[in-house]
1. Taking the highest mean first, how do the peptides 259-268, 313-322 order by number of other beta carbon atoms within 10 angstrom per residue?
2. 5 Å is the cut-off here: which amide hydrogens, built 1.01 Å from N in the peptide plane, fall below it relative to Cys126, excluding neighbours closer than 5 in sequence?
3. Could the peptides 222-231, 50-59 be put in order, highest first, of the mean number of other beta-carbon atoms found within 10 Å of their residues?
4. How many angstrom separate the Cα center of segment 180-238 from the Cα center of segment 249-293?
5. For the pairs Lys205/Lys351; Lys212/Lys241; Lys320/Lys351; Lys161/Lys351; Lys189/Lys320, note any where the Cα-Cα span goes beyond 25 Å.
6. Taking the Cα centre of segment 216-325 as origin, work out the dipole magnitude from +1 charges on Lys and Arg Cβ and -1 charges on Asp and Glu Cβ, in debye rounded to 20.
Amino acid sequence: MPPGAVVWVRRREKDRRTVVRRQVSLKVLEDGKRTFEVRHRWEDRPVAPPPDGAPTEYLPFRQRKGLHGRPEWLKAKAPTGERYEDIKETMRGLDLHTVCEEARCPNIGECWNNRTATFMILGNVCTRSCGFCNVLTGKPTELDLDEPYRVAEAARKMGLKHAVVTSVNRDELKDGGASVFSATIREIKEQVPGCAVEVLTPDFKGSRDAIKTVIDARPETFNHNIETVPRLYPAVRPQAKYERSLEVLRYAKQLDPDGLTKSGFMVGMGEVEEEILETMRDLRDHDVDILTIGQYLRPTENHLPMSRYYAPKEFADLRKYGSEMGFKHVESGPLVRSSYHAHVQTEDARKSGVV
């Protein structure tokens, strides 16, 4: 089957109707390796209506200017600049991936020109098919055990003071890739003395051994994103569990009370304020120190639709609510992503007396 070829996988329902369940296409990666991408249709993941029972209305994918068009506060500058090009060249030269590129982060120009980047380890093919994420979903390639050394080398060349390390899900691995996280943290600390390390991990299927493996390497900040309110999990994170993610955060804090824990979620996928505030309270009840809240932006027509754009004032209100709940730092804004201003978040949280 040639690259790009599409196979529609179908499932026979009880009433003998045939419905499309998922799209499978052959992908060829930059290094020539082949993998299968799996993209589920969001329409096949129904969720319960919001607490008030009102049906959720979604914005069309192609929005005409002036009609549901992207507001001014969501327009980011195209990535340019000498530092941006330097980091891009460093990443390509060391055969590394960044979530900045894979997830089409709108802040890539600002962050890279400030010499901050989020390294994505364990390859660029994820075993899960979250409805919001633009990272390739399918069968991962082999494990690259040399990756931690190259990440540390890149951090050294970039002169980083705060390195962020995340990954795709590797559910086929016994430890979910926790040992590679550990090796990456230790290598950065060895090659770049004084550089703080923040990790943004998957849930490791709730494995306590995997979480302990990461925490034992002593990252300054342990981040695991809750992503959305529990009602929307079937569509947003179909292979994850809301309660399991909360437990991951609680256990990480239990293992390292002096470390910082962090989580975040998106708005604009059909949630209502009551659910947002309840999710914030759940995170705080599980000892999360830092919270990030940002606007969901639909990557492609195959991804989950948007319900609406939140205004800057609404993000400011959520920041205020979060501070009143006891979070040590709340980063809330239209273009906020997990690693946006990560070093500032950590410094602010420590000044607040967390540790």
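1. Numbers: 259-268: 24.7, 313-322: 16.7.
In decreasing order of mean packing, 259-268, 313-322 become 259-268, 313-322.
2. Leu136, Thr137, Gly138
3. Details: 222-231: 24.0, 50-59: 11.6.
Per-residue mean Cβ counts within 10 Å order the peptides as 222-231, 50-59.
4. 14 Å
5. Details: Lys205/Lys351 33 Å; Lys212/Lys241 20 Å; Lys320/Lys351 18 Å; Lys161/Lys351 17 Å; Lys189/Lys320 35 Å.
In this structure, Lys205/Lys351; Lys189/Lys320 exceed 25 Å between Cα atoms.
6. On the way: 15 positive and 20 negative charges, 57 e Å.
Roughly 280 debye, rounded to the nearest 20.
Read the figures in this text as sums done on the coordinates, not as results from a lab. Remember, it's a predicted structure, so these values are computed and weren't measured experimentally. Note that we place each Cβ from the backbone using ideal geometry, even for glycine, and neighbour counts take in every protein chain shown.
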